[in-house]
Amino acid sequence: MASIRLDNIVKRYDNGHVAVRDANLQIADGEFLVLVGPSGCGKSTMLRMVAGLEEISEGDIYIGDRRVNDVEPGNRDIAMVFQNYALYPHMTVRDNMSFGLRMRRTGKEEIRKRVGEAAEILSIESLLDRRPRQLSGGQRQRVAVGRAIVRKPAAFLFDEPLSNLDAKLRVQMRKELAQLHHRLKTTTIYVTHDQIEAMTLGERIVVMNDGVIQQVATPLELYESPANQFVASFIGSPSMNMIEGQIQAAGGGHMFTSDGAEFSVRVPKDNDLARSFIFGFRPEHITLNASDPRLAEVTVDVVERLGDETMAYFELAGCSCVARFEGDADVQRGGRVALHLPAENWYLFGSDAPHKTIAAGNQGA
Ligand SMILES: Nc1ncnc2c1ncn2[C@@H]1O[C@H](COP(=O)(O)OP(=O)(O)O)[C@@H](O)[C@H]1O
Ligand SMILES: [Mg+2]
């Protein structure tokens, strides 16, 4: 097992495209780190540089104490699992799993033992003599994971391993991967574009956008204290509502205002009243409870009743917003409703990139 360290990593592809900009990251020995971000943000590039499948343009990568910039992928002691499984179609499951070990001239008895152990961990003992085309998607993914396990590598690298599975199987495999990590405690970097997968699997999460690391934090820290507007809107479903506007002195304090609409949510004083901000609040924090500060009175455009929750869509200060209420809430399509927001549940972001979080209700206004 090993720690992994990225120092000032840059990836510039031959066509000049910069896919990763100055990434710094430390993954502790035994940690499960998730790399999440929208498609094209540089996740696979980052992982492939750690694996040695992609050259590093600038910076250094260390696995344990060893600088691996110039070490061949096969000599980095890591195992990678891909979205498309990359199994050899003409080989049995057993041969697929033992292939890497045979290439390394591991003894026959040792191979048999390790494949047996991995098959048991993954519950695929009965599939060992089948070929990949005789397996379901979930079974193939287990075999791909098994092939990584038998190597007993210093680290696992997963690149969207569950993306090809249907929703139900994805949830199950997610749970199995979490249990697997619990059992093996192997250092893991796991790439996904799915924020729910990231939140459920990651001990720490790296949020990336456009080749830049936006924030590195635990799932709860990302949700409660997003560093900027991108993280705030990427983490959480549905996304945080965002409205652009100013701060105004009102009622002995300061309020956020937009398009003439004033919210009775107190925000910090700002000396430059002409400056614009983005005000953010999560759909699940909006209430119908008159004892919370009033947010606004709105007309509800669409209502979705899902049984356990009710979604209400509305426009506020020219922005499309959504509220999520528990159970069957008293909101009607076309009806007017007063929305409230607890004093600790808002965020204020700067209007200039990178739209940093300037203040938040939960950090004391
Ligand atoms: N070989 C390549 N040459 C040029 N650009 C590339 C190459 N591979 C990937 N890219 C670009 O680099 C960016 C990051 O790609 P990638 O790391 O695959 O993103 P992700 O895995 O987050 O979807 C994308 O804009 C992609 O088009
Ligand atoms: Mg990718």
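Name every residue in the stretch 168-194 that is at pLDDT 95 or above and surrounded by 20 or more Cβ atoms within 10 Å (Cβ to Cβ), in order of residue number.
186, 187, 188, 189, 190, 191, 192
Which members of the stretch 1-27 meet the condition of being loosely packed, with under 14 Cβ neighbours inside 10 Å and not in a strand (DSSP E or B)?
Selection gives 13, 14, 15, 16, 17.
Checking residue 54 against (1) out of contact with any strand residue (DSSP E or B) (no Cβ under 6 Å at 6 or more places or on another chain); (2) over 24 Å from residue 184 (Cα atoms); (3) touching a residue at least 60 places away in the same chain (Cβ under 8 Å), only one condition comes out false. Which one?
All conditions are met except number (3).
Which numbered condition trips up residue 296, out of (1) among the hydrophobic types (A, V, I, L, M, F, W, C); (2) within 15 Å of residue 339 (Cα to Cα); (3) modelled with pLDDT of 95 or more?
Only one criterion is unmet by residue 296, namely (3).
In the stretch 229-287, how many residues are of a type in the set (S, T, N, Q) and modelled with pLDDT of 95 or more?
Counting residues in the stretch 229-287 that are of a type in the set (S, T, N, Q) and modelled with pLDDT of 95 or more gives 5.
What are the residues in the stretch 1-22 that are among the hydrophobic types (A, V, I, L, M, F, W, C) and either at pLDDT 95 or above or within 12 Å of ligand 1 (Cβ to nearest atom) (or both), if any?
The answer is 4, 6, 9, 10, 18, 19, 20.
Give the residue that is nearest to ligand 1 (Cβ to nearest atom), with candidates limited to residues of the stretch 37-59 that are surrounded by 21 or more Cβ atoms within 10 Å (Cβ to Cβ) and over 16 Å from residue 13 (Cβ atoms).
37
Condition check: aliphatic (A, V, I, L, M), crowded, with 20+ Cβ neighbours inside 10 Å and touching a residue at least 12 places away in the same chain (Cβ under 8 Å). Does residue 278 satisfy that?
yes
Taking into account only those residues within the stretch 65-92 that are polar (S, T, N, Q) and modelled with pLDDT under 95, which is farthest from ligand 2 (Cβ to nearest atom)?
Across the stretch 65-92, the extreme among qualifying residues is 75.
Looking at 352, 308, 330, 272, which is the one that is touching a Gly at 6+ places or on another chain (Cβ under 8 Å) and surrounded by fewer than 12 Cβ atoms within 10 Å (Cβ to Cβ)?
308
Residues of the stretch 33-53 being assigned to a loop (DSSP other than H, G, I, E, B) and either touching a helix residue (DSSP H, G or I) at 6+ places or on another chain (Cβ under 9 Å) or more than 9 Å from ligand 2 (Cβ to nearest atom) (or both), which ones? Let's see the steps before the verdict.
The initial filter retains those residues of the stretch 33-53 that are assigned to a loop (DSSP other than H, G, I, E, B), namely 37-42, 52-53.
Scanning the stretch 33-53 gives 37, 38, 52, 53.
State whether the residues of the stretch 61-69 include one that is touching a residue at least 12 places away in the same chain (Cβ under 8 Å), among the aliphatic types (A, V, I, L, M) and within 12 Å of ligand 1 (Cβ to nearest atom).
No - not one qualifying residue is present in the stretch 61-69.
The values are calculated or read from the model by the stated rules, or taken from the named source; none is laboratory data. Computed from a predicted model, the values in this text were never measured in an experiment. With ideal geometry, Cβ positions are generated from the backbone for all residues, glycine too; neighbour counts draw on all protein chains shown.
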